[in-house]
Amino acid sequence: MAEPTIHTQETAPAASKPLLEKSVEAFGRVPNLHGVMATSPALLDAYQHLHALAVEHTAFTPEERTVVWMTVNVANECHYCVPAHTAIARTEDIDEAIISALRDETPLPSERLEALRRFALALRDTHGRPSAGAIADFRSAGFGERAMLDVIMIFAQKVMSNYTNAVFQTPVDAGFQKFDWAPPRMAAE
């Protein structure tokens, strides 16, 4: 683990200061993840841009977007992003049964959402080479080519945050700690 520098608006590199201002506008504070990413203005800018695209320009509903985010977070065992996206899901009024199923890796209440999760997992498990069957299952749930590409874009966004948090063990913000999460294999230890 690398020891993280968690920047504030005052300590951040000059190119990251306006990006952290965006964080404050969106969250009311600088989330620790953004503070860590601020050391690399390029990373923080790319992450924020992909996040905005995921929210504003994908084919997904907030519920579907949450399924992709949380599936990748859980699959990558991100101690920070699972609690953070649990909080985000609650602010978007995502059904608690969906949030719990994503966190606990249990079946989702909708076959369509479950197909979305399976496709995201297939991308991860095959390093971006899902089988023809996985693609057919995804399409049979009503998703098309745009949705496949949108999953890939969200996946890229989550790799940025999940890997940053894994390398630096980013401390979970106080506001997210009530949604603490650990991978099942670690929770059993």
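Points to keep in mind about this one:
- Long-range neighbours under 7 Å by Cβ, at least six apart or interchain, first residue β-branched (Val, Ile, Thr) within the range 69-81, second assigned to a loop (DSSP other than H, G, I, E, B): 74/105
- Residue in the range 85-107 that is in the same structural domain as residue 146 (by TED's automatic domain parsing), on the phi > 0 side of the Ramachandran plot, within 12 Å of the chain's Cα centre (by Cα) and outside any helix (DSSP H, G or I) present: no
- Exclusive hit being of a type in the set (Ser, Thr, Tyr), out of contact with any Lys or Arg (no Cβ under 6 Å at 6 or more places or on another chain), at pLDDT 95 or above and not in a helix (DSSP H, G or I), set 170, 164: 170
- Just one of the listed residues (117, 112) is surrounded by 12 or more Cβ atoms within 10 Å (Cβ to Cβ), free of Cβ contacts under 8 Å to residues at least 60 places away in the same chain and within 27 Å of residue 49 (Cβ to Cβ), and it is 117.
- Applying the set (1) under 16 Å from the mean Cα position of the chain (by Cα); (2) at pLDDT below 95; (3) closer than 20 Å to residue 163 by Cα to residue 27 leaves exactly one unmet item: (3).
- Of all residues in the range 89-102, those satisfying the criterion of being touching a Pro at 6+ places or on another chain (Cβ under 9 Å) and under 25 Å from residue 149 (Cα atoms) are 89, 92, 94, 98, 101.
The values are calculated or read from the model by the stated rules, or taken from the named source; none is laboratory data. It should be emphasised that the depicted structure is a prediction, and the values quoted were computed from it without experimental measurement. Note that we place each Cβ from the backbone using ideal geometry, even for glycine, and neighbour counts take in every protein chain shown.
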